[in-house]
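Structure record follows, encoded as structure tokens.
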Amino acid sequence: MNSPSLAACLIFSACLFCTGLAGVLLRRNLILILAGIELMLNAANINFVAFWRHHPASDDVAGPVMVLFALAIAAAEAAVGLALVISIFRHYKSTNPEIMEDKSS
Amino acid sequence: MTTVFCITALTTLASAVAAMSLRNLVHCVLCLTVSFIGMAMVYLQLSSQFVGFAQVMVYVGAVAILMIFALLMTRGGQELFMREWRPMHWLVGGLVSLALLAVLVGSILQSPVIQNTGPVDKVERVKDLGQSLVYEYLLPLEALALLLTVALIGAALIALPPKQHPIKPQPREDS
Amino acid sequence: MWFEDLLIQIKSVLVLNAPEGLRPILSAMLSATPILSAFGGLFAAVTLLERKMLGRIQNRYGPNRVGPFGIFQPVADGIKMLTKEDIVPKTADHLIHFLAPLLLLLTAMLGLSVIPYGEKLVAIRFEAGIVFFFAVGGAAELAVFMAGWASRNKYALLGSLRAIAQMVSYEIPLILSSVCVLMAAGTLSLDEVAKSQSGGMLSWYIMTPWGLMGCVLFLIATLAEVNRSPFDIPEAESELIAGHMTEYSGFKYAVFFLAEFVAMFAMCALTATLFLGGYHPPLPILAFIPGPFWLFAKLMVLVLLFIWIRGTMPRLRADQLMEFAWKFMLPMAVINLISTGCWIALGRGSLGWGLSALINLAAYGALSRWLSSRPNQQKRTYRFAEGPMHAA
């Protein structure tokens, strides 16, 4: 089966990464910042698989293995991050990161 | 560039942009889920089926549900639109992202990797994946298991509500 | 073999006579149409069968007015559902309210595509077919949330959150109890798993100690995943009206029930493939009867079992349900994995049988004894405005 070209995959994942970055920089809600981080992680995973797919060696599985590890770690990080967000909400009663800024300077 | 990849990539990008820009937070998470599914389809087109299915299972089946629960527990499900329109922020943030996108796309198009690789036929065998996980990558696998256990216990501990001490009933005064 | 070969001949004749560009789509449609129409017809038959059987268990006739023995009752139900008014609350989120039953139906039907119905009759031949099945099953939870949240109804939201908690809790024992079959078969492809159980009833995986326990765990987890009694808190009439389906009427409600039944069929077909030998006949001499017939026969036996359980057992409370999943089924599924490993490592002979049976029995006895000896009554805590208070 013919797959999309390497350039197309890399550009696609670059766009996803920048979308995630824009979300992290611009949104004022902790959960959406975490969502942006998940998008960036996924974009990097697509890069791994794209490079693996277009590499001529025939019996290595390093690409999918790396992606599986990254998937699991991203899920664990999302879980811990969201638990932290819930704990922060309990304390500050808000999920706006600007409330937690240090306003003394 | 095949048609199917074009459609999938455009759908994924559109829903990712929507996820980062909608005002209703639950809609954002649902659009993010659509982009996760789109990415799983891209994995399938890159002939790594196991990774695609694992992506759906982990992200759509677990991480999206986690985000929704966290959203509901932090009152995000209500229509509390906070004032987010700050032109300077959006301008600077948008410019940074676009600049990074330009740098990345430029370096991709000029790199020798793109010019030198031709069509390659590659197949992912689940048996090879399983064997390499247990033989070559055993140490990272065990470390990952440890990390997942720690994350599970830690997340549960962090998210537990603080313990409330019950009050004992006072003895009644009448005799 | 003759039936499967006949079907493949018909399909190849039809596809090869079609123009070149249409062939992939035509091939996909020719694979999907028999499956979907068969399971759609089965849905109609099973709704009638369920009502008749529940009626008989409850010492009454089921529906018997519409045709002889009530045969046209599903037709009457379909006409009723199609002609009912479609009421959507004014403040509901219309797009998500519309999409939720469709997503649930989509995930249920996608699961039907990886099950082998015959020797060469699989709709999609994935190498990791069972991972695909569980992945799309996990996407069903999102549809339940969408239904409850889009209704803008506090009780619907609460009901959908309870349903999601139930589905997430029982997903892990479901997957773990199927992993032992995958270990024994050595493959993730359902086609290969079914092939490895050829040769009569004694080679089915349910005939092994770990297979029996795995099948029981898988069936209980299936009941919980499709929200069927005794795990039907999300859809029972005395619990939060109809849970996440409260604000749905008419055809969308019918789509919810269609999705639930199709998910049940898909999981029963998966159980039959994993544990009961799939499309293989119990005795090799009966192989002239085509494979799909045997698969549907096993599926119907399991469906009858589910209906029987529904008519017999009372509903579990929400905390009993969660405790059962996390404290009993998850440890038993993990211990079942260990006993499967012992069976495989000791060469699948009688020593392996004995050791795995011993492990399973000992674990079951110890765990159930320990869980039932813990005191159930905790001191009641009342929450008042000034803080929680113990009962005097």
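The values are calculated or read from the model by the stated rules, or taken from the named source; none is laboratory data. Everything quoted here is computed from the prediction, not taken from an experiment. Glycine also receives a Cβ, built like all others from the backbone with ideal geometry; neighbour counts cover every protein chain displayed.
Just a few scattered comments:
- Only residues that are in contact with a His (Cβ under 6 Å, 6 or more places away or on another chain) and either at pLDDT below 85 or aromatic (Phe, Trp, Tyr) (or both) were counted in the stretch C:107-162, giving 0.
- Considering the stretch B:114-131, the residues that are assigned to a helix (DSSP H, G or I) and within 7 Å of chain A (Cβ to nearest Cβ) include one that is farthest from A:Leu26 (Cα to Cα), namely B:Asp128.
- Any chance B:Ala64 is closer than 28 Å to A:Leu84 by Cα, within 14 Å of chain C (Cβ to nearest Cβ) and modelled with pLDDT of 90 or more: yes
- Here is the figure for the stretch B:20-57: residues that are over 16 Å from A:Leu34 (Cα atoms) and facing another protein chain (nearest Cβ under 7 Å) total 15.
- Scanning the stretch A:1-23 for residues that are of a type in the set (Ser, Thr, Tyr) and within 7 Å of chain B (Cβ to nearest Cβ) yields A:Ser3, A:Ser5, A:Thr19.
- Test result for C:Ile307, within 21 Å of the chain's Cα centre (by Cα) and either of a type in the set (S, T, N, Q) or modelled with pLDDT of 90 or more (or both): yes
- Residue within the stretch C:311-331 that is touching a Pro at 6+ places or on another chain (Cβ under 8 Å), in a helix (DSSP H, G or I) and not aliphatic (A, V, I, L, M) present: no
- Hits in the stretch C:179-206 - residues which are within 21 Å of the chain's Cα centre (by Cα) and among the β-branched types (Val, Ile, Thr): C:Val179, C:Val181, C:Val193, C:Ile206
- Of the helices (runs of 4 or more DSSP H) lying entirely inside the stretch C:1-115, the ones with 3 or more residues being more than 22 Å from C:Asp191 (Cβ to Cβ) and in contact with a Gly (Cβ under 6 Å, 6 or more places away or on another chain) are found at C:23-57.
- Test result for B:Gly93, more than 11 Å from chain C (Cβ to nearest Cβ), in a loop (DSSP other than H, G, I, E, B) and at pLDDT below 90: no
- Qualifying positions in the stretch C:35-78 - of a type in the set (Ser, Thr, Tyr) and touching a residue at least 60 places away in the same chain (Cβ under 8 Å): C:Thr47
- Considering the stretch C:120-145, the residues that are among the charged types (D, E, K, R) and in a loop (DSSP other than H, G, I, E, B) include one that is nearest to the other protein chains (Cβ to nearest Cβ), namely C:Glu127.
- Search result, residues across the stretch B:38-79 that are among the hydroxyl-bearing types (Ser, Thr, Tyr), outside any loop (DSSP other than H, G, I, E, B) and more than 13 Å from the chain's Cα centre (by Cα): B:Tyr43
- Tabulated pairs, the stretch C:322-351, first farther than 20 Å from C:Ala185 by Cβ, second hydroxyl-bearing (Ser, Thr, Tyr) and at pLDDT 90 or above, C-beta under 7 angstrom, 6+ apart or interchain: C:Met322/C:Ser169; C:Ala325/C:Ser169; C:Ala325/C:Tyr170; C:Trp326/C:Ser169; C:Met332/C:Tyr364
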